[in-house]
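Bear in mind that the values in this text are calculations on the coordinates, not laboratory data. Here the structure is a predicted model, which is why all the values come from computation and not from measurement. Neighbour counts are summed over all protein chains in view; Cβ atoms, including those assigned to glycine, are modelled from backbone coordinates with ideal geometry.
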């Protein structure tokens, strides 16, 4: 039985309202997508965070979105959903999870025609936008020294650590053991081999077999999303698809000393001001509006 349900009164309101109803995984996603990126959609789109619906168990998340879209459509509501790529990781859908060709990935509908799976690990990955980060960093330090170029260079300087940190999450989920905490490796700050060694030890303690080999294997798979010969910004846009988003945002925040992880709303607003709302997500919203 589903752990998520909509009140009958809410279903009636949504049905009478018309337009597209788009379910998001959480209130935090709602604050970014609905309130800072697509706040001017008017009556055409109504965003709904899944974790505000009645729950028999659990909270929001990708499964709640998939569940609620099915329920809403069964009641005649033009409902759609946006879910993070990590739904595939949790479901061990390895062929699609490791698909590094974007057109092929976007053409798949593993959860039905009305659910769109994002290209990037989770919504935080989109906030790792060098231009927005540079502006936020300058404002935080009352300087004007940070640029999109310098911020991209700094992020790429952390690439090895971010890849290993992400590979550790994949290794843990693949082995059905607890994943490293979001801030693992940040306090105290760990770099290079020291971080890799601690990740291996953590995975072994959690019960992951052949942790070192698995970590290397998953790191190599993540490397396929990288493009070291590409221009720096293009390289970052490719690599950031397959980074553990919350962990990456936390790690970069601690390395810079600027708490980007605590300024997600500000990053999202800056992206909107810079006309940098992700074209992928904008395209999904336009499809939902047309299909409603």
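Observations on the model:
- The range 130-275 - convex hull of the alpha-carbon atoms, volume per residue in Å³: 111 Å³
- In this simple spin-label approximation, residue 205 and residue 232 carry label points 7 Å from Cα along the Cα→Cβ vector, and these lie 3.6 nm apart.
- Taking 0.36 nm per residue of separation and subtracting the Cα-Cα distance, full extension of the segment from residue 104 to residue 189 would add 26.8 nm.
- Evaluated at q = 0.10 Å⁻¹: base-10 log I(q)/I(0), Debye formula over Cα of the range 153-237: -0.25
- Spin-label pair residue 28/residue 273, simplified geometry with 7 Å Cα→Cβ offset, distance in nm: 2.3 nm
- Going from the residue with the fewest nearby Cβ atoms within 10 Å to the one with the most, 131, 29, 197 rank 197, 131, 29.
- Residues 284, 218, 92, arranged from fewest to most other Cβ atoms within 10 angstrom of their Cβ, appear as 92, 284, 218.
- The angle separating the long axis of helix 211-223 from the principal Cα axis of greatest extent in the chain is about 70 degrees.
- Relative to the globular-protein estimate of 2.2 N^0.38 Å, the Cα radius of gyration of the chain stands at 1.02.
- Residue 91/residue 198 FRET efficiency (R0 45 Å; Cβ-Cβ; nearest 0.05): 0.95
- Label separation (residue 150 vs residue 43): 4.9 nm, computed from points 7 Å beyond Cα along the C-beta direction.
- Cα gyration tensor shape of the range 199-252, rounded if a/c is under 1.5, else prolate or oblate by comparing a/b with b/c: oblate
- Where both bridge residues fall in the chain, DSSP classifies roughly 20% of the beta bridges as antiparallel.
- 0 to 90° range, to nearest 10: angle between helix 62-74 axis and the chain longest Cα axis: 20 degrees
- The separation of the range 134-179 from the range 246-292, counted between C-alpha centres, amounts to 14 Å.
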